[in-house]
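The values are calculated or read from the model by the stated rules, or taken from the named source; none is laboratory data. Keep in mind that this is a model prediction, so the values were computed, not measured. Here the Cβ positions follow ideal geometry from the backbone for every residue, glycine too, while neighbour counts run over all protein chains shown. Heads up: the accessible areas ignore ligands, DNA and RNA and are worked out on the full protein's heavy atoms, side chains in. Shrake-Rupley method; radii C 1.70, N 1.55, O 1.52, S 1.80 Å.
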Amino acid sequence: MSIADRIKISKRIAEELNEGQVVNLGVGIPTLIPDYLGNKQLYMQSENGLLGMGPTPVDEEINMDLISASKQPITMEAGASLFDSSNSFAMIRGGHIDVAVLGVLQVDQTGEIANWAVPGETILGVGGAMDLVAGAKKIIIATMQTAKDGKAKLVKKLTLPSSGVRKADMVVTEHAVFTFDEGHMRLVEIISDVSIEQLIELTDAEFTYSEETITSN
Amino acid sequence: MRRSGFNGILHTNFITNERGTSMEKLIEKSEYLHYINDNDTLLVGGFGLSGTPLTLIDELADSSKKGLTIVSNNLGEAGKGLGKLLLSKNIKKAKGSYFTSNRDAVKAWSDGELEIELIPQGTLAEAVRCGGAGIGGFYTKTAVGTKLAEGKDVKVIDGETYILEKAIKGDVSLIKAMKADTLGNLIYDHTGRNFNAVMATAGKIVIAEVDEIVEAGSFSPQEVETPHVYVDYIVMNKYVKKGGKYVEHS
């Protein structure tokens, strides 16, 4: 997956985030989003116990006890707060996080997510994925349209283990933006030079679209 | 609060500061092993290597304690933190949320040398919180409809589906704080608090590794993150923090 594609996805998701929101960013593509927020003030939550996560510190300020959930050194913004893991997940599970941006292995056409069990690998890690899926007010998926083997990641039905019954609200890929309405996937925007026919080819999931969506791109 | 039936020699060493205040809970790092039995369940604080009681783990890795069940978010990293305890074969089972990043844990599991119980991170934190708070279990939305909910009781409350998760308690908690005062009140370093604060409440015996001990009253009551009632013993960290990382004393 090219860095240009990752940046494109990050920029598009940055547009969806609003001033003042509390946001939890997952590993992978979502970690690029803070670079594209412009002047918007958001509050980044890190599930290991921080609200108000700031950018990477200079070397002299690195502290192994001030890290993100991806275990990278971070800083704190003015007004940040620190708390323990149970409080952090009370915040997540209790619906106090406005938006969670998550990477996925698959998402199905109803918005059901698979993002914890890597295909072909032993299932030994879930982290906070299921808590975020269950509890965030809005879930935006950041993903490439296809996996490394070329298979569609937007599928009719999950073939990998589900992360929960709660559905995603939006999917942003390097080609398109999709939303979900009552369990149905809808194309709202094409953001690359693919044709609608090519997009359908790259997408196993069935989605609806309007003539207007296609012609506006 | 201290376990009955302990046959070892009780510690007698106190530290005394310039004003003559003693620290009764302070013990030598090797001494805490008296409180750990084979097949115990240990609750260990930390997130990766952050907020991890490295000194306590080193002692345990050098010991002959066997069959331990470790409840911790991760098993450290390969060869580091709890990863060291895995290589020294003290661990029978690990309960936590994320082991994939420690390749040794993945290998030990696939070789049949390590049992693993995977628990969502928030469920782990809440289960230990309940364990320390006298609550038997709780209903959560997390993991409903997934493999991790298999075999668990399901309940619909006000139209939403939840699963029952039981509380987690331990025989001994091993935690890491930045500072203790002479009573054993603790404060943590930034996100080093992570699981330590809940682990401190849910072990029958709680041993805290700290970087520094200060006199009671040195930090404000408002700053105390773990009140001393939870803490049985204090062990001094043998490592010092330099350049943001713990290194051996030079």
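With the whole protein complex present, A:MET44 retains an accessible surface near 20 Å², based on a 1.4 Å probe. To the nearest ten degrees, helix A:3-16 and the longest principal axis of the Cα atoms of chain A are 80 degrees apart. Computed from backbone phi, the HN-Hα couplings of region B:33-40 come to 4, 4, 8, 10, 10, 4, 6, 5 Hz, rounded to whole numbers (Karplus: 6.51 cos²θ - 1.76 cosθ + 1.60, θ = phi - 60°; Gly and Pro given as x). Net charge dipole, chain A: roughly 400 debye, given to the nearest 20, about the Cα centre with Cβ charges of +1 for Lys and Arg and -1 for Asp and Glu. The charge dipole of chain B, taken about its Cα centre with unit charges on the Cβ atoms of Lys, Arg (+1), Asp and Glu (-1) only, comes to about 400 debye.
Between A:GLN106 and A:ALA114, the built amide H atoms are under 5 Å apart, and every one of these is 5 or more places off in sequence or on another chain.
Counting only alpha carbon atoms, the long axis of helix B:121-133 and the longest principal axis of chain B meet at about 60°. In chain A, Rg over Rh equals 0.97, where Rg is the alpha-carbon radius of gyration and Rh the Kirkwood radius from pairwise Cα distances. The calculated 222 nm mean residue ellipticity attributable to helices in chain B amounts to -4000 deg cm²/dmol, summing -39500 (n - 2.57) over DSSP H runs of n ≥ 4 and dividing by all residues. Legend: calculated FRET efficiency, B:LYS204 to B:ILE135, from the Cβ-Cβ distance at R0 = 22 Å, rounded to 0.05, equals 0.85. Taking the square roots of five times each eigenvalue of the Cα gyration tensor of the protein assembly as shown, the equivalent ellipsoid has semi-axes of 43, 23, 19 Å, listed largest first. Among the residues of B:121-133, the average count of other protein chain beta-carbon atoms within 10 Å of the residue beta-carbon is 6. Between B:GLY170 and B:GLY203, B:LYS204, the built amide H atoms are under 5 Å apart, and every one of these is 5 or more places off in sequence or on another chain. Between the beta carbons of B:LYS107 and A:LYS138, assuming R0 = 35 Å, the FRET efficiency works out to 0.35 to the nearest 0.05. Mean per-residue shielding of peptide B:147-157 is 2, counting Cβ atoms of other chains within 10 Å of each Cβ. Put a plus charge on the Cβ of each Lys and Arg, a minus charge on the Cβ of each Asp and Glu, and nothing anywhere else: the dipole of the protein assembly as shown about its Cα centre is then about 1120 debye. Peptides B:215-225, B:134-144, A:200-210 ranked from most to least packed give B:134-144, A:200-210, B:215-225, packing being the mean of other C-beta atoms within 10 angstrom over each peptide's residues. Ranked by the mean number of other Cβ atoms within 10 Å of their residues, highest first, the peptides B:189-200, B:81-92 fall in the order B:189-200, B:81-92.
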